[in-house]
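Notes follow once the structure below has been shown.
The values are calculated or read from the model by the stated rules, or taken from the named source; none is laboratory data. It should be emphasised that the depicted structure is a prediction, and the values quoted were computed from it without experimental measurement. For neighbour counting, all protein chains shown are included, and Cβ atoms are generated from backbone atoms with ideal geometry for every residue, glycine included. Only protein heavy atoms, including side chains, enter the accessible area calculation; ligands, DNA and RNA are left aside. Shrake-Rupley method; radii C 1.70, N 1.55, O 1.52, S 1.80 Å.
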Amino acid sequence: MKKRPLVVVTRRLPDVVETRMRELFDARLNLDDAPMSQAELIEAVRAADVLVPTVTDKIDAAVLAQAGPNLKLIANFGNGVDNIDVQAALTRGITVTNTPGVLTEDTADMTMALILAVARRIAEGVRIIPEDKWSGWSPTWMLGRRITGKRLGIVGMGRIGQALARRAKAFGLSIHYHNRRRVPQAVEDELEATYWESLDQMLARMDIVSVNSPHTPATYHLLSARRLKLLKPDAIIVNTARGEIIDENALARLIEAGEIAGAGLDVFEHEPQVNPRLLKLARQGKVVLLPHMASATHEGRIDMGEKVIVNIKTFMDGHRPPDRVLPSML
Ligand code: 8YV
């Protein structure tokens, strides 16, 4: 019988996923869920046939340089692969896969939730009653901003951007987007979406901006200080993609100065550290901060695990895995 592959999984996964992995593979699990140090990751890549990392594992060139001859697949438990030096992996003949498609709807839901939370001051509101600060209704108290009739500018019109657009349209927002490539006419028609070739021009005209692109060298600080300054003073910005796409310090400065109205962030430049200026703004109710949980549903995590298993199984059976990451995607 063919030897079962040694699959090293860096973090705790849902029980059903781990059980299935044990049935199919020689699975080395991380039952106490402590993030691995670089030394532990090196140990893992030396031994494994397959590595299953997550966003919290930095699989960079230094780690990959230590990979043993058996490591042939990195099956990322996650959509974004910016935690992995994909080029270095491919150069060493290691295939990389991810888990696209199964966290689209959950992430789009949470993006919509952040838009509402910032515009309608939900995070501030939920604190009032438990903190015993409610003395009764008043016509001019806790006023937010209406979202119906406003313009939403989506930066990155892939699966998640489009799923957000569908929701936002139902809320009465008009849809605008910037993307490397224009999406097919049928998609634009369905979403009644306006394409902006110039990101700068779009940013200057939006009421709400949502970041939904992957983090690649081309999108690092795409929303730079210069671009953030183009936003209208009453604009809000939400990010459920990657912290690195926005210059976080510049964003905090502009909100402090009243040049941007607010932000809803699920991701940060140096997770799990959060910029102290953003923390201060959160206490003042100007920004809403979530701990990278936009895709965190039971169903989504199980679907992600199933995708990882299919990718490993297909690869081990000698076929091309369905979610191979190619250099053209980076
Ligand atoms: C996941 C994510 O929680 O998949 C992604 O790209 O950002 C998250 O939603 C995480 O990546 C799991 O590795």
Please give the Cα centre distance for region 37-104 versus region 209-243, rounded to the nearest Å. 27
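Translational diffusion coefficient, Stokes-Einstein: compute it for region 104-289 using the Kirkwood radius over C-alpha pairs as Rh, at 37 °C and 0.692 mPa s, and state it as an integer in µm² s⁻¹.
Values: Rh = 16.7 Å.
Result for D is 197 µm²/s.
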Give the cross-link partners of K313 among the aspartates and glutamates, using a straight C-alpha distance below 16 Å as the criterion and excluding same-chain residues fewer than 8 apart. E18, E23, D26, D49, D303, D323
Run down the lysines and flag those whose C-alpha is under 18 Å from the C-alpha of K307, throwing out any fewer than 8 positions away in its chain. K72
If I model a spin label at T91 and S138 as a point 7 Å from the Cα along the Cα→Cβ vector, what separation in nanometres do I get? 6.3
Accessible-area value, K58, 1.4 Å probe, nucleic acids and ligands omitted, Å²: 140
On average, how much accessible surface per residue is there in region 104-289, in Å², for a 1.4 Å probe, leaving out ligands, DNA and RNA? 50
In region 104-289, lysine pairs with alpha-carbon atoms under 30 angstrom apart (chain gap of 8 or more, or interchain): 14
Please give the peptides 131-138, 283-290 ranked by average Cβ packing (other Cβ atoms within 10 Å per residue), highest first, as a rough proxy for protection. 283-290, 131-138
Mind pulling the angle between the C-alpha long axis of helix 38-47 and the longest principal axis of the chain? Nearest 10 degrees, somewhere in 0 to 90. 40
